[in-house]
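Take a look at the structure below.
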Amino acid sequence: IPGSVEAVGTLRRAGCPVAFVTNNSSQPVGAVEAKLAAMGVDAAGAVLTSAQAAATLVAPGERAVVCGGPGIREALEGRGVELVGSPPADGTVRAGARLIGTNDDPTYPTSEGPIPGGGALLAAVATASGVEPVIAGKPYAPMADLLAERLGTTGGMVGDRPSTDGRFAATAGYRLGL
């Protein structure tokens, strides 16, 4: 977004802490930081992902079946969660496992247009299992709690999706600018 690199710099020079909060749980944090660095934004230590928020819902030493990418695995392993093989997710949930989703975004943007997002896939598992998921990412409380832990409970939020970022700002108690 034109001007975003400069805006981040201005905020930091003014002493405002900055975090980059994403519902993209597929990539490890380092990959997200590298992508932002390639755009001219130093994001080292400032990235919060929905995978990290989901990991806060699983206690160290618990076991988890992961139906997702390396970002989710990284977050869970970093918390001390034991990752187990991948039987069918709906069967695991029907057998009593909790269903935790990193996000419920219906689509994911690509250069060729939107594709089904994590929410679309989560909805399939929820429907097949008959279990309501707990959702960790924006706009839900686990991500707001993670943000509050890192930056406090007051601030401003800029985003591109009112349904997610707007509701998240309200959940976190932050001002919103789209």
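The values are calculated or read from the model by the stated rules, or taken from the named source; none is laboratory data. Everything quoted here is computed from the prediction, not taken from an experiment. Note that we place each Cβ from the backbone using ideal geometry, even for glycine, and neighbour counts take in every protein chain shown. Surface areas here come from the heavy atoms of the whole protein model, side chains and all, with no ligands, DNA or RNA. Shrake-Rupley method; radii C 1.70, N 1.55, O 1.52, S 1.80 Å.
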Among the trypsin sites (Lys or Arg not before Pro) in the stretch 83-162, which ones are in a DSSP loop with at most 14 other Cβ atoms within 10 Å of the Cβ? Mind listing them? 98
Return the loop-located GluC sites (Glu not before Pro) in the stretch 49-144 (DSSP other than H, G, I, E, B) with at most 15 other Cβ atoms within 10 Å of their own Cβ; answer none if there are none. 62, 112
In terms of modelled amide H atoms, which long-range or inter-chain residues lie less than 5 Å from the amide H of residue 81? 61
Taking only protein heavy atoms and a 1.4 Å probe, what accessible area per residue, in Å², does the stretch 136-178 have with all protein chains in place? 52
What is the helix-to-structure angle for 4-13, meaning the angle in degrees between its Cα long axis and the longest Cα principal axis of the chain, kept from 0 to 90 and rounded to the nearest 10? 70
Before anything else, pin down the relative contact order of the stretch 124-178: Cα pairs under 8 Å, at least 6 apart, normalised by residue count, whole percent. 34
The chain: relative contact order as a whole-number percent, Cα under 8 Å and 6+ apart: 18
Loop-only check: which trypsin sites (Lys or Arg not before Pro) in the stretch 1-93 are DSSP coil with at most 12 other Cβ within 10 angstrom? none
Using the Kirkwood radius over Cα pairs, work out the Stokes-Einstein diffusion coefficient for the chain at 10 °C and 1.306 mPa s, in µm²/s as a whole number. 93
In the chain, taking the dipole from +1 charges on Lys and Arg beta carbons and -1 charges on Asp and Glu beta carbons about the Cα centre, the listed residue (55, 172, 32) farthest towards the positive end is 172
